[in-house]
Structures are given as C-alpha cells and as structure tokens.
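The values are calculated or read from the model by the stated rules, or taken from the named source; none is laboratory data. Since the structure is predicted, the reported quantities are computational estimates derived from the model, not experimental observations. Here Cβ is always computed from backbone atoms with ideal geometry, including for glycine, and neighbour counts include all displayed protein chains. Surface accessibility is based on the protein's heavy atoms, side chains included, excluding ligands, DNA and RNA. Shrake-Rupley method; radii C 1.70, N 1.55, O 1.52, S 1.80 Å.
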Amino acid sequence: MIDFIAIDRFRKEDLEALFELTDEVISDPFKFGSKCRGKILATLFYEPSTRTRLSFESAMLRLGGSTLGFAEPSTSSVAKGETLADTARMVSNYADIIVIRHPLAGAPQVVADHSDAPVINGGDDSNQHPTQTLMDLYTIRRCKGRIEGLNIGILGDLRYGRAPHSLAYGAAMFGARIINIAPPGLEMPDHVLLRLKKLYNAEVLNVTDLSEVISELDVLYVNRLQKERLPEGVDYESIKDSYVINRKAVERSKPDLIIMHPLPRVNELAYELDDDPRAKYFEQARNGLFVRMALIISLLGELELKPIERERVELERRCPNPRCVSNHEPYLKPSYERLLPGDEALFCLYCGFPLEGTR
Ligand code: NCD
C-alpha cells in the first residue's frame, strides 16, 4: 500500500507517470467515470479548506466513487479526545482511501502508520502540501513544456507556508533553479534548505526583493502570509503589506513569465493581474482536480508508484519542532529517517526537522 505524505519520498519518474496519467484524465475525464465505483474516500479536515477538500471530493465523485468525512473536527470524536491513531484505525474500516489535513506537522504520517487504507497528506502545519505541489509542477510543465532548468521564484511567507516547502523539493527534484524571495523573518527555513541540499544538491538563491530577480524568472509563485501560524509576538499588521504583487511589480518580467499562487489570496496578489496572460493561478487550481483524480486512482492501483525507502531509526530524543505531532500524541515514540544511505544526518520521520546539531 502506498501513501502520499511527502513529495520528496517519490522519484521524478513516478511524478512524471502521474502527470502523464493526468494528461489522459484531462483529455477525456468521462473515460475514468467509473474507475472508483464502489470505493469511498474519507476527508479528515482538522483545519479550514475550500479547494483541497472540495477538489478531492469532486475528484472522487467524478471517478464514480463516494465520499464521507468532516470539515470541522469539533463535530467528530476528536472533540472527545480521540487520538489520531485510533481515528485512523476506525476510518480505514469505513473508507478505501483517506485525505487528512491537520494543524500539527507529521499528523498524516501517524494516520498512515495506523491505517489499512492509503493516506494522502492534504497539508500538515507548515510542513508539506504534496498534492498542491503535484498541481503546481503539472501546471508549470503544461505551460512551459518542462521544469528542468527553469528559474522558479518562490515569493512571500516561505517560513510558515507549507506549499512553498513541498514546491521547493519538487522543483529541485526536476532540476529547476530555486529563487527564494522573502521579507526578513519569513525566509525559507534552514531545515528545508538543508534537505534541498542533501536530497537534490539544489541550486538555491535567497533574496529579499523581487525587483532584484524579476527579469530572470520563468515562474513567479506567490504565497499568502500565513496569519494563522505566525508565532505570538510577530505583528501581522506590520508585515502584511510587505510584499504585494501587482502590474508594476512584474513590469520587467520575461514576456512568457507565468504567475502562480496556491490560493486563497489575501492582499499579496492584485486583482488587476487576473486577466493578464501571465496569470495562471486559476488554471493551476483547475488542474488540481485532474491531478487529484490521477492520484486517487494511482494509489488505488492504476500506477505502480515506488516510493523511496529510507531507513527508520528510533531514538530517545524528542523532535526539536514544538509543532511536531510526536510532541503532542503521547503514545508516539520519536522516530527519525536517514535521507541518504550512509549519511549520519537524521531527520524527524514526522515533520522533517533535523535532529539538533545536524548538518
Ligand atoms: C494552501 C494551504 O492550505 O497551504 N491552500 C491550498 O490548499 N490551496 C495555501 C494557503 O493556505 O496559503
């Protein structure tokens, strides 16, 4: 059984196979209309969502399957204190495939470890959002014909956003050059930079100002300030206007730049760009439906995906990330994985943070 928890657990070949299947789904969605007849998708959303939950539900319905789940944990046994492990065991009796979104990093891994059904990560805290990355990479490939060698600018709140983290891994996997553009305090976290280096020997440039790099970019991927995850003491009001992408900001771009955004947007992306031919964010959102249809049928057996197997190491050392699920669910033992065979560095199996002192 294959889960879809972290983008970097897959190889380029597997993602390419998924994109080819997505091409087929887009060209004739009705051909896939009974692929999941009799199957049930459970959506466990412990955090707000519009696109991700509805597009997964729509994907399953368009495949001829059914859906159940909750969008508001206060209406489920979570409110009675049920653990994630027990919820996973129960739900995997009722559903053939599970999507979970959760405010703790690593929660989808816990569900996968206790479920008999494949589990998809629909976003965990500021860790990863791997299905968003599938639609992002798919959109880039469709608009540009390739990903390799492109200059991909990832702009905005790169610290607390999860979409930028998994996008950086995915883009690096395909050999793109990554240009992180973030105001001070919202930079790409060190642990993501370390993993990018170890996993892909990625070429990464970090700048604070879009104007320094706009003329070189092939893709500009804008992210919202993650107000709900800003730590206490960080003043939302004082940073919320620190980056706003409008016509003027992209005036000097290559003519074939594409502008993307995982949505929802707040004020970082001006409406005046919506009818600009460079704007691809609505197309990107629409691609999400088809990518998710392809992913569901793949995890239910259509493709033979082969995730990378990594050595798991149990250690009596707590994960340094206070937002990691292993620091919240008392029955979990700290667990780490070795990203590369023979490398000493260990990273939390759940949230991807390195053990303290790792280089
Ligand atoms: C993103 C998320 O949830 O991380 N939304 C989405 O799924 N498209 C981005 C965001 O909320 O800013």
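Using DSSP to define loop residues, name the GluC sites (Glu not before Pro) in segment 277-359 whose beta-carbon has at most 15 other beta-carbon atoms within 10 Å.
E304, E309, E316, E344, E356
Any chance you could run the full-extension gain for L340 through S27? It's 0.36 nm times the residue separation minus the Cα-Cα distance, nm to one decimal.
108.8 nm
Can you work out the Karplus-derived ³J(HN,Hα) for every residue in segment 314-331? Use 6.51 cos²θ - 1.76 cosθ + 1.60 with θ = phi - 60°, whole Hz, and x for glycine or proline.
Result, rounded to whole Hz: 9, 9, 7, 10, 5, 5, x, 8, x, 8, 7, 4, 5, 8, 10, 9, x, 7.
What number comes out for accessible area per residue over the chain if the probe is 1.4 Å? Units Å², please.
That works out to 42 Å² per residue.
Counting residues in the chain as N, plug N into 2.2 N^0.38 Å and put the Cα Rg over that result.
0.95
Excluding residues on the same chain fewer than 8 positions from K240, give the aspartates and glutamates whose Cα lies under 12 Å from its Cα.
Cross-link targets: D157, E268.
I need the trypsin sites (Lys or Arg not before Pro) found in segment 287-353, filtered to DSSP loop residues with at most 13 other beta carbons within 10 Å of theirs.
For trypsin sites (Lys or Arg not before Pro) across segment 287-353 that sit outside H, G, I, E and B with at most 13 neighbouring Cβ atoms in 10 Å, the list reads R317.
Which lysines, on any chain, are close to K306 with Cα under 26 Å apart, when same-chain ones fewer than 8 places away are left out?
K306 reaches K12, K31, K35, K39, K197, K198.
Can you give the convex hull volume per residue for the Cα atoms of segment 173-296, as a whole number of Å³?
It is 144 Å³ per residue.
Which percent of the accessible heavy-atom area of the chain goes to carbon and sulfur, probe 1.4 angstrom?
48
What relative contact order, as a whole-number percentage, does segment 312-359 give when Cα pairs under 8 Å and 6 or more residues apart are counted?
35
What is the diffusion coefficient of segment 1-139 in µm²/s, taking the Kirkwood radius over Cα pairs and the Stokes-Einstein relation at 4 °C with a viscosity of 1.567 mPa s?
In µm²/s, the coefficient rounds to 84.
What does the charge dipole of the chain about its Cα centre add up to, to the nearest 20 debye, if the Cβ of each Lys and Arg holds +1 and the Cβ of each Asp and Glu holds -1?
My answer is approximately 380 debye.
Whole angstrom only: what separates the Cα centroid of segment 1-46 from the Cα centroid of segment 53-110?
Spelled out, the Cα-based centre of one part sits 17 Å from the other.
Take segment 312-359, compute every pairwise Cα distance, and split them into 5 Å bins from 0; I just need the percent in each bin.
The distribution over segment 312-359 is 5, 25, 35, 23, 9, 4, 0, given as percents.
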